[in-house]
Amino acid sequence: MSIVLDHISYTYMPETPYERTAIKDITLEINQGEFIAIIGHTGSGKSTLVQHLNGLLKPTAGSITVDGVNINKKSAKAKAACRKVGMVFQYAEHQLFEETVYDDIAFGPRNQGVDEEFVQRRVQQAMEFVGLDVEGFSKRSPFTLSGGQMRRVAIAGVIALNPEYLILDEPSAGLDPKGRDEIFQQIMELFKATGIAVVLVSHNMEDVARMATRLIVMNHGEICLDGTPSVIFKNNRDQLKAAGVDVPNVTALMSKLKDKGLCVQDDVLTVEQATEAILAAVRRQC
């Protein structure tokens, strides 16, 4: 089961003076069980690309299938396939609109025609998953919550849909470090518990390196690199800089240590890996 993009392109405001092609001839497959991060400079086409995955945008050229169903066609099957793809936008709190937290999270399942008993179960499970106390938050207005709490409500609303693919466009934007860590911890728990496919758009290389199993780098509307984070960050630094991104800080540090003569791995991606590599190198020298 997968999402398949077959030679898709998208042009904003075609046949006008403001015409701009945002993505060009992209072919891509997203499989269940993958945690994919998409990186690239501002304007590289990341957000435009992911907005095609649930039919929010329709390609100017090419086709998109979700589990074998062409979502560009008007049909009941296409609508059902689009519902398998949950989208959390940047500043997801802007997705909130109901009077209470409960009703906001319940909106999606109700729109799917789910019985109210199952709606209640889904809402409770989603709230518990994102760390919101059901009794304490259900009747509150989402607009009285903190930014981090509002972001959790928005994510819970998507999780309540039971998506098979979860698309996250800069979900930690505007959050403090604690709030960002909590959001990503919850996303990783969902990924590990369910095997759901996750697609994350991010500018934070440390987050990408820590979580992603696959990395896609975009530049000027095209995919220029596609592979594992360790291989891409180690072997493609010139291409990364050309795409307006860089390696994680810890990877850059390890490379400098190696250049200074310390025999360490320079393909590590996390602080924990770097600590182990440095200690191992020091012991060997002793």
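Can you pull out the trypsin sites (Lys or Arg not before Pro) in the range 68-148 that DSSP calls coil and that have at most 16 other Cβ atoms within 10 Å?
Numbers: sites: 73, 74, 77, 79, 83, 84, 110, 121, 122, 139, 140; in loops: 73, 74, 83, 84, 139, 140.
Passing sites in the range 68-148 are 73, 74, 139, 140.
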Principal axis dimensions, largest first and in whole angstrom, of the chain by Cα: 66, 52, 35
What FRET efficiency would be calculated for the residue pair residue 79, residue 284, taking the C-beta separation as r and a Förster radius of 41 Å, to the nearest 0.05? 0.10
For the range 59-145, state which chymotrypsin sites (Phe, Trp or Tyr not before Pro) are in a DSSP loop and have at most 12 other beta carbons lying within 10 Å of their beta carbon. 97
In a Gaussian network model of the chain with springs linking alpha carbons closer than 10 Å, the residue among 226, 115, 267 that fluctuates most is 115
Whole Å is fine, so just give me how far the alpha carbon centre of the range 131-148 lies from that of the range 53-102. 26 Å
Residues 191, 233, sorted so that the one with the fewest Cβ neighbours within 10 Å comes first: 191, 233
Which loop GluC sites (Glu not before Pro) in the range 1-36, with loop taken from DSSP, have no more than 10 other Cβ atoms within 10 angstrom of their Cβ? 15, 19
Reachable lysines, given that their alpha-carbon falls under 19 Å from the alpha-carbon of residue 234 and they are not under 8 places away in the same chain: 256, 258, 260
What lysines sit close enough to residue 79 to cross-link, taking a C-alpha to C-alpha distance under 23 Å and skipping anything fewer than 8 places away on the same chain? 58
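How high is the relative contact order of the range 2-228, in percent, with contacts defined as C-alpha pairs under 8 Å that are six or more residues apart?
Working: 437 pairs, mean separation 65.9, N = 227.
In percent, rounded to a whole number, it is 29.
We did not get these values from a lab; they are worked out from the coordinates using the rules stated. Being a predicted model, the structure only gives us computed values, none of them experimental. Reconstructed Cβ throughout: ideal geometry from the backbone, glycine too, with neighbour counts over all protein chains shown.
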